[in-house]
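The values are calculated or read from the model by the stated rules, or taken from the named source; none is laboratory data. All values derive from a computational prediction rather than experimental measurement. Cβ sites come from the backbone with ideal geometry, for glycine too, and all protein chains shown count toward neighbours.
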Amino acid sequence: MPAPSASSGRCLWFLTRFPSWWIGFAEGLPLGGGVRMLDSVDQIELSRRQRPREGRSGEVAAALRALAFAASEEDAEVAYHRVLFAVGNNHGGSYFPIVLDAIPFLGEVLGGGTRFGRARALDVLIDLISSFEPDPEILVQEGLRPDELPGMLHASVDRLRPILQVLATDSAVPELQRLARELIDSLDED
């Protein structure tokens, strides 16, 4: 098999060949090109996309970090709710356009977070795709209409399919395998 080109992503190439090795690693794992997990997550706070009115400055980045580095199931559960509130209204089952900026970072969590964080990141993505809707308070902003948001969210999550397929075929962590398959099924339903 030929070596991957730089543009194809060395990280995903390695993932597809050695998924069990990858599943065991967490905090600080280098991603493709020497980038470390969530190194640029603070940039999400510069986004002009609408977010929940009650959201604090820095909350989206902090919630994603908490999820990525959750050291226990309890920590991951708290972070799961925190992420859903940072991008929307968890109790109301809704999201704001800022969710589009969070999806790539959730992908980084899937590739390099703790086992607990990866499982809850999959839960976040499943909830967003399967049961959440655009928040009724979304304003038309920079040409983005609320009715376009579900399709954009779906496309953004679908770009994570390579890592989802790796997780779905690796039996090293059955919970991740099951959740990845559930998310792929949800993506395929739409």
- Filtering segment 16-50 down to residues that are of a type in the set (Val, Ile, Thr) and modelled with pLDDT of 50 or more, which residue is nearest to residue 98 (Cα to Cα)? 44
- Message: Condition (residue is modelled with pLDDT under 85, aliphatic (A, V, I, L, M) and within 17 Å of the chain's Cα centre (by Cα)) applied to segment 51-68: is it met by at least one residue?
- Response: no
- Residue hits (segment 138-190; assigned to a loop (DSSP other than H, G, I, E, B), modelled with pLDDT of 90 or more and closer than 19 Å to residue 88 by Cβ) are 160
- Which members of segment 126-137 meet the condition of being part of a helix (DSSP H, G or I) and of a type outside the set (A, V, I, L, M)? 127, 130
- Give the residues of segment 121-160 that are farther than 19 Å from residue 49 by Cα, loosely packed, with under 14 Cβ neighbours inside 10 Å and either among the small types (Gly, Ala, Ser) or in contact with a His (Cβ under 7 Å, 6 or more places away or on another chain) (or both), sorted by residue number. 131
- Task: Filter segment 163-190 down to residues that are hydroxyl-bearing (Ser, Thr, Tyr) and closer than 16 Å to residue 124 by Cα, then give me how many there are.
- Result: 1
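Conditions (1) modelled with pLDDT under 95; (2) touching a strand residue (DSSP E or B) at 6+ places or on another chain (Cβ under 6 Å); (3) within 14 Å of residue 153 (Cβ to Cβ), marked per residue:
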site: 76; (1), (2), (3): no, no, no
site: 81; (1), (2), (3): no, no, no
site: 84; (1), (2), (3): no, no, yes
site: 88; (1), (2), (3): no, yes, yes
site: 94; (1), (2), (3): no, yes, yes
site: 101; (1), (2), (3): yes, no, yes
site: 118; (1), (2), (3): no, no, no
site: 121; (1), (2), (3): no, no, no
